[in-house]
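Participant: Input: one structure, supplied below.
The values are calculated or read from the model by the stated rules, or taken from the named source; none is laboratory data. For clarity, every value in this text was computed on a predicted model and none was experimentally measured. Using ideal geometry, Cβ is built from the backbone for each residue, glycine included, and neighbour counts are taken over all protein chains shown. For the accessible areas, the whole protein counts, side chains as well, though only heavy atoms, and no ligand, DNA or RNA atoms are used. Shrake-Rupley method; radii C 1.70, N 1.55, O 1.52, S 1.80 Å.
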Amino acid sequence: KQWYQRRVAITAGIMNIIDPETATNVNLKDIRVVAKVGGTVEDTRLVNGIVLTQRAQATGVHRVERAKVALIQFCLSPPKSDMDSQVVISDYTQMDRILREERAYILDLCKKIKKSGANVLLIQKSILRDALNDMALHFLTKMKVLVVKDIERDEIDFVSRTLGCRPIATADHMLPEHLGQADLVEEIHVGGGNKVVSITGCQSNAKTCSILVQGSNKLLADEAERSIHDALCVIRCLVKNKNMIAGGGAPEIELSIQLAQYAATLSGVESHCIKAFADALEIIPFTLAENAGLPPINIVTELRNRHAQGEAMAGINVKKCCITNITEENVLQPLLVSISAITLASETVRSILKIDDIVNTSR
């Protein structure tokens, strides 16, 4: 059931961002995988929008329909000077003046946000000063604005593309045309006392989506996230090249046998090079058998014999611990994976062979 739910989420996510009839590649940056501790792996779901791991601030607003979202990159806190300085206050009137100026400055920022029509505010994380202070939060609470702060810098591009909004650098650029629109923005529980902010029904035409991965602890959540990323990479390979081949080491051992037979027809250096290439391909079924806890020498020898007898689809069945027709077990792999692995390995060897000498720079 867990495998089925994750497969549905992955397939639906890919279908949301590409046209399967014409697509030749998949940009995985359009699919955001978010891991969150809470619940179980069975709760993994696809969200047609954005999932933010940051919690909504305590403004009393946790759900907004027909949201107008502003993504700001300036801080709602008193500004700091460009150089280190100290302000010496001699009496309470000067302190009162500073507090009034600070209040007026922050109130002016909040009024510009409200005037633009924004009712959801996403604030980029700042390392120079507080992105949001208590006074700004107080004003935004009165204005009924849902606030999410500490949006990471690497999330800005995905959020702006999905919402169709523009990151706003200064309060003077708080204009209605720079805002994004969504049908619903809400803070949801994911179990274990954890919460996330979900933004769905985005009005932009961007083909993006998010996958919320849950787990009972951080280890399980991270492992599920890694597995989903691997599955997305496999689907991307299939979109680039729709051909599939047998798994279980079958294509590598078949290619090794064919190359060895071809090397026997040659002579000189070419024969030795092709024979060495054929021997190197055997490391893949050898490693597969070793990782499965099987005797690698016996398994690879039997696999070679089966292929020599004409069983081109014979492969290592790690479940039954024997050699079987691997296509009958539905063990397949994208052709692009094998092509890329062999190509990159060959290019690496060529680069190493071009090295004439190593200069020792140590003294």
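Participant: How many residues does segment 69-85 contain that are more than 20 Å from residue 152 (Cα to Cα) and surrounded by 19 or more Cβ atoms within 10 Å (Cβ to Cβ)?
Facilitator: So the answer is 0.
Participant: Sticking with this structure for a sec: So which residues in segment 300-315 are surrounded by fewer than 18 Cβ atoms within 10 Å (Cβ to Cβ) and free of Cβ contacts under 8 Å to residues at least 24 places away in the same chain?
Facilitator: Result: 301, 302, 305, 309, 310, 311.
Participant: Let me ask something additional. If residue 211 meets every condition in (1) farther than 30 Å from residue 308 by Cβ; (2) open to solvent by 30 Å² or more (accessible area, probe 1.4 Å); (3) of a type in the set (Val, Ile, Thr); (4) touching a residue at least 12 places away in the same chain (Cβ under 8 Å) apart from one, which number is that one?
Facilitator: The single condition residue 211 does not satisfy is (2).
Participant: Here's another thing I want to ask about it. In segment 226-254, which residue that is in contact (Cβ under 8 Å) with a residue 12 or more places away in the chain and open to solvent by 60 Å² or more (accessible area, probe 1.4 Å) is farthest from residue 41 (Cα to Cα)?
Facilitator: So the residue we want is 243.
Participant: Something else about it: Which of the residues belonging to segment 114-150 are more than 17 Å from residue 168 (Cβ to Cβ) and among the charged types (D, E, K, R)?
Facilitator: 129, 130, 134, 142, 144
Participant: On the basis of being exposed (fewer than 13 other Cβ atoms within 10 Å of the Cβ) and either out of contact with any Ser or Thr (no Cβ under 9 Å at 6 or more places or on another chain) or of a type outside the set (Gly, Ala, Ser) (or both), does residue 104 make the cut?
Facilitator: Yes; evaluated as a whole, the condition is true for this residue.
Participant: Moving to a separate point now. Go through (1) open to solvent by less than 30 Å² (accessible area, probe 1.4 Å); (2) at pLDDT 90 or above one by one and return the number of the condition residue 201 breaks.
Facilitator: Failing condition for residue 201: (2).
Participant: Could we say that residue 263 is open to solvent by less than 40 Å² (accessible area, probe 1.4 Å), over 21 Å from residue 344 (Cα atoms) and either in contact with a His (Cβ under 9 Å, 6 or more places away or on another chain) or modelled with pLDDT under 90 (or both) here?
Facilitator: yes
Residue-by-condition table, conditions (1) open to solvent by 80 Å² or more (accessible area, probe 1.4 Å); (2) farther than 21 Å from residue 161 by Cβ:
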{"residue": "33", "(1), (2)": "no, no"}
{"residue": "41", "(1), (2)": "no, yes"}
{"residue": "58", "(1), (2)": "yes, yes"}
{"residue": "67", "(1), (2)": "no, no"}
{"residue": "87", "(1), (2)": "yes, yes"}
{"residue": "122", "(1), (2)": "no, no"}
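Participant: Residues in segment 127-142: is at least one without any contact (Cβ under 8 Å) to a residue 24 or more places away in the chain and within 27 Å of the chain's Cα centre (by Cα)?
Facilitator: Checking segment 127-142: at least one residue is without any contact (Cβ under 8 Å) to a residue 24 or more places away in the chain and within 27 Å of the chain's Cα centre (by Cα).
Yes or no, residue by residue, for (1) open to solvent by 50 Å² or more (accessible area, probe 1.4 Å); (2) out of contact with any Gly (no Cβ under 9 Å at 6 or more places or on another chain):
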position: 317; (1), (2): no, no
position: 334; (1), (2): no, yes
position: 349; (1), (2): yes, yes
position: 360; (1), (2): yes, yes
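Participant: So, of the residues in segment 127-161 that are more than 17 Å from residue 59 (Cα to Cα) and touching an Asp or Glu at 6+ places or on another chain (Cβ under 9 Å), which turns out to be most open to solvent (accessible area, probe 1.4 Å)?
Facilitator: My answer is 161.
Participant: Which residue, of 211, 257, is aliphatic (A, V, I, L, M) and not in a helix (DSSP H, G or I)?
Facilitator: Working: 257 fails: not in a helix (DSSP H, G or I).
Only one candidate qualifies: 211.
Participant: While we're here: Restricting the search to segment 162-186, which residues are open to solvent by 20 Å² or more (accessible area, probe 1.4 Å) and more than 23 Å from residue 108 (Cβ to Cβ)?
Facilitator: The answer is 164, 181, 183, 184, 186.
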